[in-house]
Amino acid sequence: MIDFYANKEAWEEAFEHRHPGWGDENYKRLRNEKLPFFTPDVAQELRLINFKGKSVAQFCCNNGRELLSLMQLGAENGVGFDIAENIINQASDTAKKAGIDNCRFVACNIMDIPEQYYNSFDYIMFTIGAIAWFDDLERLFKKVSDCLRPGGTLLIHDFHPLINMLPIPGEPEFDENHLNKLAYSYFKKEPWIENNGMSYMSEKYPSKTFTSFTHTISDIINSLIQADMNIKKFNEYDYDIGISEAYNEKGFPLSFLLIAGKVR
Ligand SMILES: C[S@@+](CC[C@H](N)C(=O)[O-])C[C@H]1O[C@@H](n2cnc3c(N)ncnc32)[C@H](O)[C@@H]1O
């Protein structure tokens, strides 16, 4: 079973090594832009949903930028959960600077969200690099289902599992002249073990260990079914949302949006 607290330490260390100014200016975009931090496709899908008066949560919210952005669509209140205490502090700080007072942030392991949050949310969202931190998706989605109100909705915008088959720039297997080369099994069972920092937020350094997992589309769908969730929408996009642009618009599904409803 995964050691969530080893990942917590690795994420908190990555925040300590963050790029200078990382996340510090997010409040300005939240004040001045419409739905910043979402891709145009996802922003369009979010606009189709009536969030007015609803209660929303983001699991693995990192520095809160996406949840705070979503609040523009009229939700009554929002709660962001993330295991990394120092990153959650940045989220609270950003909310304050952006003048968003109906959204708060809680530092905790998603699997340990206390019962006080059960049956609490109309919407729960995961975005970009969130579900990979859980080895057991069935347990994760059961937690989601516990926290959703009856009839509530789960939104997942994340990396498409196929991206895990592709070598990324910097890896020895990557060859920009042969972008159709697959390097890893779609069915990889062993975790990804990384000790080089978290490139999108920090410089490279010999870091504490990040442990993450590949999940296939069928893992995701079957785990949702086991958690009594109905799939309402599943979109695939041919562009990446955070690892590398090398494979964009080359015919690979690189990201997806899934919307599912709690059955009862
Ligand atoms: C890649 S980041 C999400 C980034 C965010 N979507 C964004 O684009 O700003 C993944 C987040 O998951 C959090 N995380 C990892 N394991 C977790 C767990 N068991 N419970 C709660 N948060 C977790 C990490 O602390 C990290 O902030």
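The values are calculated or read from the model by the stated rules, or taken from the named source; none is laboratory data. From a predicted model like this one, the values you see are computed outputs, not experimental measurements. Quick reminder, even Gly has a Cβ in these numbers, built from the backbone with ideal geometry, and neighbours come from all protein chains shown. Remember, those area values only see protein heavy atoms, side chains included, never the ligands or the DNA or RNA. Shrake-Rupley method; radii C 1.70, N 1.55, O 1.52, S 1.80 Å.
Name the residues whose placed amide hydrogens come within less than 5 Å of the amide hydrogen of residue 104, ignoring near sequence neighbours (fewer than 5 apart) on the same chain.
78, 79, 80
In nanometres, what is the gap between the two model label sites at residue 244 and residue 52, each 7 Å from Cα along Cα-to-Cβ?
4.6
So what is the relative contact order of the stretch 18-147, in percent, for Cα pairs below 8 Å that sit 6 or more residues apart? Let's see the in-between values first.
Working: 195 pairs, mean separation 32.5, N = 130.
Averaging sequence separation for qualifying contacts and normalising by length gives 25 percent for the stretch 18-147.
Given charges of +1 on the Cβ of Lys and Arg and -1 on the Cβ of Asp and Glu, with all other atoms neutral, how large is the dipole of the stretch 4-262 about its Cα centre, in debye to the nearest 20?
Details: 26 positive and 37 negative charges, 186 e Å.
With Lys and Arg at +1 and Asp and Glu at -1, about 900 debye.
With 10 Å bins from zero, work out the P(r) of the stretch 4-262 over every alpha carbon pair and list the percent per bin.
P(r) for the stretch 4-262, in whole percents per bin: 7, 30, 38, 22, 3, 0.
Holding the Cα-Cα limit at 19 Å, pick out from 8/28; 143/208; 233/262; 54/262; 181/208 the pairs that are longer than that. Could the numbers behind the result be given before it?
On the way: 8/28 28 Å; 143/208 27 Å; 233/262 13 Å; 54/262 15 Å; 181/208 30 Å.
Pairs exceeding 19 Å: 8/28; 143/208; 181/208.
Between 49, 231, 163, where does the largest GNM mean-square fluctuation fall for the chain, given springs only between Cα atoms within less than 10 Å?
It is 49.
Output the relative contact order of the chain, whole-number percent, from Cα pairs under 8 angstrom with separation of 6+ residues.
Values: 513 pairs, mean separation 51.8, N = 264.
Rounded, it is 20 percent for the chain.
Search the structure for amide H atoms under 5 Å from the amide H of residue 129, placed 1.01 Å from N in the peptide plane, and list their residues when 5 or more places away or on another chain.
Counting only residues 5 or more places away or on other chains, the set is 159.
So for the chain: antiparallel DSSP bridges make up what percent, rounded to the nearest 5? Don't skip to the end; give the middle numbers.
Numbers: 19 of 38 bridges.
Here the share of antiparallel DSSP bridges comes out near 50 percent.
Would you grab the residues whose amide H sits under 5 Å from the one on residue 233? Only those 5+ places off in sequence or on another chain, please, with H modelled 1.01 Å from N.
Residues meeting the criterion, in which the H sits 1.01 Å from N, are 259.
Give the longest segment of the chain that steers clear of GluC sites (Glu not before Pro) in DSSP loops with at most 12 neighbouring Cβ atoms within 10 Å, not counting the sites themselves.
On the way: sites that count: 25, 33, 173, 176, 245, 249.
Value returned for the longest uninterrupted segment is 34-172.
Run the reach check for residue 189 against aspartates and glutamates, Cα to Cα strictly under 15 Å, same-chain hits fewer than 8 apart removed. What comes back?
135, 136, 219
Provide 51, 105, 234, 187 ordered by accessible surface of protein heavy atoms (probe 1.4 Å), highest first. Intermediate values should be presented prior to the final figure.
Numbers: 51 0, 105 25, 234 75, 187 130 Å².
I get 187, 234, 105, 51, largest accessible area first.
Could you give me the ³J(HN,Hα) list for the stretch 24-32, computed from phi with Karplus coefficients 6.51, -1.76, 1.60 and θ = phi - 60°, whole Hz, x at Gly and Pro?
Working through the residues one at a time gives 5, 9, 4, 4, 5, 5, 5, 7, 10 Hz.
Going Cα to Cα from residue 97, which aspartates and glutamates come in below 18 Å? Please leave out same-chain ones fewer than 8 positions away.
Of all the aspartates and glutamates, those that pass the test against residue 97 - Cα under 18 Å, at least 8 places apart if same chain - are 24, 25, 33, 66.
Simple spin-label model, 7 Å along Cα-to-Cβ: residue 175 to residue 5 in nm?
Distance between the two pseudo-spin positions: 4.6 nm.
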